[in-house]
Amino acid sequence: MIVKVIPSAAFGRVKAPPSKSMAHRLLICGALSKKSVISGVAFSEDIKATLSCLKALGAQIDIEKDTVTLGGIDINKAPVSQKLFCNESGSTLRFIIPLCMAFGGYFNLSGSERLFERSLVVYEEICKSQGISFTKGRTELSLCGKLSAGKYTVRGDVSSQFISGLMFALPLLPQDSIIEITNGLESGSYLNLTIKALADFGVRITRYDEKTFYIKGGQTYKNRTLTVEGDYSNAAFFEALNLIDGNVAVSNLSDTSAQGDRVYKKMMSDIANGCPTLDISDCPDLGPILIACAALKNGAKLIGTHRLKIKESDRGLAMAEELSKFGCEIEVKDNEIIVPKAQLHPPTMPLFSHNDHRIVMSLSVLASRYGGEIYGAQAVSKSFPDFFERLNSLGIKTEVISTNEA
């Protein structure tokens, strides 16, 4: 899909979409209860992938508008299917793998080629130590074996999603477990979201210290009725419009949220007032929009950026390529990105999504000032299917000029 964004100003009030990160977690917990109700769900491609996998594992799922009633997964019974499709969702794949291993037996998980380019080394090491067969191909992973309780020494420098995945599964095993994190911790704030979701369903994780967690075995997920909170990471795209003469108020955000991406407000304020150094190691999803904001203002230096390489695209290089079309040449290093102060202009070439939802949304913010045609704009469906409709509601003019998946 090619979307043309026409220079225009944003005014009004917009409701932040439901948090994809929390929706994944609440849906998994709900599926592990007997019957829970989760409302405020946005059915992005990633969330659809998680629901599909939960159904394959035995969850009974009923959907009415934005409400999902689900439950019934029992690791002591045979799953409905041994084949699970994760599409392009890294969260789905990394959260579901330990649940498959908690069942034991054979499972095949498949998805896009880009998904399986992303590291699964933490699980591979666990499988090797426990004698679980782990065979990874270009677009699929085969597992055979049963997860055991015990002490897990887990690398934290790849992704916190591996630790979250274990936290969903280990409470279901008969014996107690301990997770000890080594090699630092990437995106650690997301563990707070997992621990909160588990606590909401009556599953307790005891944190001995910053890197050690005790998980009692034999726990059960209680039935709950909950609503998915608003998403700070996607709200950031609307807030960014205020840096270019917009007047946008974003609602549906919890002041007490555990989402690490809530720091976007402080970071955007710093960008508006100078050329700051921003550490995004705990909020890498903000990387593309912060790069765009820095280019629009006085520049910035982002550190803790190495994980941008292993997202849906290499986000640092993708933004460098697209920003050059606006006249801004950014410098991408191994763990930092330097955005200089630049004189931007309308893009000299079509803009490309790199099949990455956050690249599309960041380029849309830039194009709302300078114009541009974004090829592959359908990538927003991964997390925010109605993104362009929300932009239109604020007065940003867009036009779909092709529905082909360019």
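Just so you know, all these numbers are worked out from the coordinates, no wet-lab data involved. Since this is a predicted model, take the numbers as computed values, not measurements. Methodologically, a virtual Cβ is constructed for each residue, glycine included, from the backbone with ideal geometry; neighbour enumeration extends over all protein chains shown.
What the table below lists for this structure:
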{"read-out": "Within the range 362-378, considering residues that are of a type in the set (A, V, I, L, M, F, W, C) and touching a Lys or Arg at 6+ places or on another chain (Cβ under 9 Å), the one farthest from ALA240 (Cα to Cα)", "value": "ILE374"}
{"read-out": "Sole residue being under 22 Å from the mean Cα position of the chain (by Cα), surrounded by fewer than 22 Cβ atoms within 10 Å (Cβ to Cβ) and within 29 Å of GLY395 (Cβ to Cβ), chosen from GLY327, GLY371, GLY376, GLY287", "value": "GLY376"}
{"read-out": "Residue match in the range 75-85 (condition: under 21 Å from LEU308 (Cα atoms) and not aromatic (Phe, Trp, Tyr))", "value": "no"}
{"read-out": "Residues of the range 158-176 classified as touching a strand residue (DSSP E or B) at 6+ places or on another chain (Cβ under 8 Å) and within 18 Å of GLU210 (Cβ to Cβ), total", "value": "4"}
{"read-out": "Residue count for the range 340-357, restricted to those that are closer than 21 Å to PHE238 by Cβ and touching a Leu at 6+ places or on another chain (Cβ under 9 Å)", "value": "3"}
{"read-out": "Selection within the range 1-60 - among the β-branched types (Val, Ile, Thr) and more than 24 Å from SER368 (Cα to Cα)", "value": "ILE28, VAL37, ILE38, VAL41, ILE47, THR50"}
